[in-house]
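See below for the structure under consideration.
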Amino acid sequence: MPYIDIFNGDADGICALHQLRLHNPLKSRLVTGVKRDTLLLKQVVSVRDNVITVLDISSHANRDSLLQLLKQGNTVHYFDHHFAGEIPESTLFHPHIDTGSGVCTSILVDRFLEGKFRLWAIAASFGDNLHSSAHQLAESLKLDPNKIKELRELGELINYNSYGETINDLHFSPETLFLALQPFSEPFEFYRASGELKQLRAGFRNDMLLAEEKLPLRKTTVGRIYQFPNAAWCRRVSGVFSNQVAREAPDLAHTLLVERTDGTFLVGVRAPISKPQGAEKLCLKFSGGGRAAAAGINHLIPDDVDRFFDAFEKQFAN
């Protein structure tokens, strides 16, 4: 029976799939994209009688395609921590969904595999800005601080690679990066041997130097709002920058608007780390989505920017 693996192109999606394929190696068709390319089930909506594994994309956003795939006899294993909406009822559907603020998809896979490849889940948790969860998992393995630091950098660099308007903005396609991981059962080996990681480290440093020169566009008692111009480095660094400023001021909400080539804005929202709720509710009002702690909008039109700013203030004033 044919196999298809569909996964978000960020650290969480890549490390989640890597854990599963270390446990159960098989040849599959890979379907992925930049982090914001979340309607991935549309790419396979015509297939029948396949075994499909989906990782780290919202079942709510892909609901129509998911229902069609189940109707066509596909078995679907679904691991995700984003807003799910109504869960389909089908004997062919096997959901592993938890939208709690302290979990990511790689943690769900870690639970499913009973901790078999936990080091990769720790790296993914750092990449998803779930530092508390990452440290809890690291404590369960009694990792020393230097090993934890390496896993954090690994997760953050893989995650950094996922941000862009198109694959051309990225240093590596997510598929390429996943395939680069495959020979390594242990992340510390990849950390030391990977040429890809060296390139990502250099790109990250250059991009962050530019980003750290940017001051907030708006700053209130509720949060800080940043705006970046239309440039590839701005899109690449947007996620890591948003996570960094969120950690610097954990009681504030944060938003980053990055201008797109069509004049609209790519928006990333981080709820306060001290109260990780509301990001998804805000973004859903503007046809976006995500999870309670972190969410986004793919196309915010300029005419809606002021309305978004007002909604941001109201959402996080509570």
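The values are calculated or read from the model by the stated rules, or taken from the named source; none is laboratory data. Note that the structure is a prediction, hence the values are computed from the model and not measured. Quick reminder, even Gly has a Cβ in these numbers, built from the backbone with ideal geometry, and neighbours come from all protein chains shown. Just so you know, the surface numbers come from the protein's heavy atoms only, side chains and all, with ligands and any DNA or RNA stripped out. Shrake-Rupley method; radii C 1.70, N 1.55, O 1.52, S 1.80 Å.
Give me the net charge of Ala193's neighbourhood, meaning all other residues with Cβ under 14 Å from the Cβ of Ala193; Lys, Arg count +1, Asp, Glu -1.
-1
Keeping all protein chains in place and using 1.4 angstrom, which order do Asp12, Asp64, Asp98, Asp310 fall into by accessible surface area, from largest down?
Numbers: Asp12 0, Asp64 125, Asp98 50, Asp310 85 Å².
From most accessible down to least: Asp64, Asp310, Asp98, Asp12.
Percent antiparallel among DSSP beta bridges with both residues in the chain, to the nearest 5?
Numbers: 15 of 39 bridges.
DSSP beta bridges in the chain are roughly 40 percent antiparallel.
Take the chain, mark every one of the GluC sites (Glu not before Pro) that falls in a DSSP loop and has at most 10 other Cβ within 10 Å, then report the longest stretch left between them, sites excluded.
214-318
Is any helix in the chain, taking whole DSSP H runs, at least 20 angstrom long along its axis by alpha carbon and on average at least -0.5 on the Kyte-Doolittle scale, and which ones?
Within the chain the helices that satisfy the rule are 195-211, 232-248.
At a 1.4 Å probe, what is the % contribution of carbon and sulfur to the accessible area of the chain?
After summing per-atom areas, the C and S share lands at 49 percent.
In whole Hz, what ³J(HN,Hα) sequence does the stretch 185-192 give by Karplus (6.51, -1.76, 1.60; θ = phi - 60°), x for Gly and Pro?
Working through the residues one at a time gives 7, 10, x, 5, 5, 4, 4, 7 Hz.
Can you list residues from other chains, or at least 5 along the same chain, whose modelled amide H is less than 5 Å from the amide H of Tyr78?
Val54, His94, His96
By the scheme Lys and Arg +1, Asp and Glu -1, what is the net charge of all other residues having a beta-carbon under 15 Å from that of Glu139?
Values: positive: Arg118, Lys142, Lys147, Lys149, Arg152; negative: Asp110, Asp144.
Summing Lys/Arg as +1 and Asp/Glu as -1 gives +3.
Taking square-rooted eigenvalues a ≥ b ≥ c of the alpha carbon gyration tensor, is the stretch 122-269 rounded, prolate or oblate, where a/c under 1.5 means rounded and, failing that, a/b exceeding b/c means prolate?
oblate
Collect residues whose amide H, placed 1.01 Å from N in the peptide plane, falls under 5 Å from the amide H of Ala292; neighbours closer than 5 in sequence don't count.
Correct list: Glu280.
List every residue whose amide H lies under 5 Å from the amide H of Ala231, counting only residues 5 or more places away in sequence or on a different chain, with H placed 1.01 Å from N in the peptide plane.
Result for Ala231 returns nothing.
Residue by residue, what Karplus-based ³J(HN,Hα) values in Hz, rounded to whole numbers, does the stretch 283-293 have, using 6.51, -1.76 and 1.60 with θ = phi - 60° and x for Gly and Pro?
5, 4, 5, 10, 6, x, x, x, 9, 4, 8
Whole angstrom only: what separates the Cα centroid of the stretch 43-80 from the Cα centroid of the stretch 241-318?
Computed from Cα coordinates, the inter-centre distance equals 28 Å.
Percent of alpha carbon pairs in the chain separated by more than 35 Å?
The share of Cα pairs beyond 35 Å in the chain comes to 16 percent.
Under the rule of -39500 (n - 2.57) per DSSP H run of 4 or more residues, summed and divided by the residues of the chain, what mean residue ellipticity at 222 nm is obtained, to the nearest 500 deg cm²/dmol?
Result for the chain, helices only: -13000 deg cm²/dmol.
For the stretch 176-292, with every protein chain kept in place, what is the accessible area per residue (1.4 Å probe, Å²)?
Heavy-atom SASA per residue in the stretch 176-292 reads 45 Å².
How are the C-alpha pair distances of the stretch 94-185 spread across 5 Å bins, as whole percents from the shortest bin up?
Binned Cα distances yield the sequence 3, 13, 22, 23, 20, 13, 5, 1.
Per residue, how large is the accessible surface of the stretch 109-166? Use a 1.4 angstrom probe and give square angstrom.
42
With 21 Å as the limit, write out which pairs from Lys149/Lys219; Lys35/Lys281; Lys116/Lys142; Lys149/Lys198; Lys149/Lys214; Lys116/Lys275 have Cα-Cα distances beyond it, or answer none.
Pairs exceeding 21 Å: Lys149/Lys219; Lys149/Lys214; Lys116/Lys275.
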